[in-house]
Amino acid sequence: MKLVVNGALGRMGRMVVEAAAARPGATVVALLERPGHPHAGRPVPTPWGDLPLLADPATAAASGADVGIDFSAPEASVAFARALAARGVGVVCGTTGMTGPHLDALRESAARVPVVWSPNTSLGVWCLHELAAVALNTLGPGYDVEIVEAHHRHKRDAPSGTALSLARRIADESAIVSGRQGEVGPRPAGEVGVHAVRGGEVAGDHTVMFLGDHERIEITHRASSRMLFAEGAVALAERLAARPAGWWTVTELLRGQA
C-alpha cells in the first residue's frame with residue numbers, strides 16, 4: 001500500500017509516517033504541506049529515503065499512491081481530496097473543525113473515489129461509540145446522558161468532533177446542547193449535553209455518562225498518545241484501498257460492510 005501524507009510535517013503527519021513504517025506492506029511515496037511552507041521543496045528523511053516536501057496537491061496526487069492520509073486544515077483537506085479524486089486515489093481524512101460545506105466537498109470527491117472522514121481515527125473510540133449505543137438501548141429513556149471531553153491546550157475546536165460524533169450516535173441533532181450557561185431551567189428530557197475541557201497536553205479523553213435516579217454509569221476512552229490516531233488512520237487506509245468509490249464510515253470499514 002502506497003501512501004501520500006498531507007500535513008506531513010505537523011504532529012500527526014509525522015506520526016502517520018512513523019506508523020506506516022511500522023506496518024508491513026505500507027510505504028509513504030509523497031509528503032505534502034501547505035503552499036508557502038518554509039520547508040517546501042526540501043528533502044525530508046524517511047525510512048524509504050529522502051522525499052521532497054511538496055506544496056501542490058496535484059503533484060502529490062501524481063505520486064502513484066493508493067491512498068492519501070490527511071491531518072491538516074479544512075480548506076487544505078478539501079483541496080487534497082479533490083486532487084486525489086482526479087487521479088482516482090482514495091482519502092482517509094482525520095482533520096477536525098470541518099463544517100458542512102467542507103464535508104459536502106469531501107462527499108463530492110467520494111462520488112469518484114472511496115473517502116472516509118472521521119474526527120477521531122482511533123479504533124478504540126469507535127468501540128466507545130458502539131458501547132454507548134448499547135448502553136442507551138439497555139438503560140432506556142429514564143437515564144440522562146452527558147458527554148465530557150478533555151484535550152490539550154492547543155486544540156482549536158470545541159467541543160471535539162469526536163464528542164459531537166458520540167452525541168449524534170445516540171441522539172438527534174436537535175437534542176444536543178454544547179455546554180450550558182446562565183439560567184437554563186430544568187434539564188429537558190432527552191437532552192444530551194456536550195462539554196469541553198482544555199489544558200496541558202491531554203491527547204484526548206471522552207466520557208459518556210448515563211445518570212439515573214439511583215446510579216451513574218460512565219464509559220470512558222482515554223488516549224495515552226496521539227500515535228493511536230496515526231496507527232488507526234493507516235489501518236483505515238489499508239481497508240479503504242480495496243473499497244469502491246463512496247462515502248465510507250469507520251464502522252463500515254471495520255465491519256467489512258458495504
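Being assigned by TED's automatic domain parsing to the domain that holds residue 178, in contact with a helix residue (DSSP H, G or I) (Cβ under 8 Å, 6 or more places away or on another chain) and among the β-branched types (Val, Ile, Thr): is that true of residue 234 here?
Answer is no for this residue.
Do we have residue 113 as touching a strand residue (DSSP E or B) at 6+ places or on another chain (Cβ under 8 Å), farther than 19 Å from residue 198 by Cβ, modelled with pLDDT of 95 or more and assigned by TED's automatic domain parsing to the domain that holds residue 251 here?
Criteria met by residue 113.
Could you list, in sequence order, all residues of segment 80-130 that are part of a strand (DSSP E or B), over 28 Å from residue 210 (Cα atoms), under 14 Å from the mean Cα position of the chain (by Cα) and not β-branched (Val, Ile, Thr)?
If the condition is that a residue be part of a strand (DSSP E or B), over 28 Å from residue 210 (Cα atoms), under 14 Å from the mean Cα position of the chain (by Cα) and not β-branched (Val, Ile, Thr), then 93 is the only one that fits.
Within segment 91-113, can you find the residues that are surrounded by fewer than 23 Cβ atoms within 10 Å (Cβ to Cβ) and either touching a residue at least 40 places away in the same chain (Cβ under 8 Å) or small (Gly, Ala, Ser) (or both)?
Selection gives 96, 97, 98, 100, 105, 107, 110, 111, 112, 113.
Would you call residue 36 at pLDDT 95 or above, in a loop (DSSP other than H, G, I, E, B), over 26 Å from residue 126 (Cα atoms) and of a type in the set (Gly, Ala, Ser)?
In short, no.
Of a type in the set (D, E, K, R), within 30 Å of residue 107 (Cβ to Cβ) and in contact (Cβ under 8 Å) with a residue 40 or more places away in the chain: is that true of residue 149 in this structure?
Taking the combined requirement at face value, the residue satisfies it.
Take residue 184 and tell me if it is over 23 Å from residue 127 (Cα atoms) and of a type in the set (A, V, I, L, M).
Values: over 23 Å from residue 127 (Cα atoms): yes; of a type in the set (A, V, I, L, M): yes.
Yes, satisfied.
The values are calculated or read from the model by the stated rules, or taken from the named source; none is laboratory data. None of these values were measured; they are calculated from a predicted model. We place every Cβ from the backbone using ideal geometry, glycine too, and count neighbours over all the protein chains shown.
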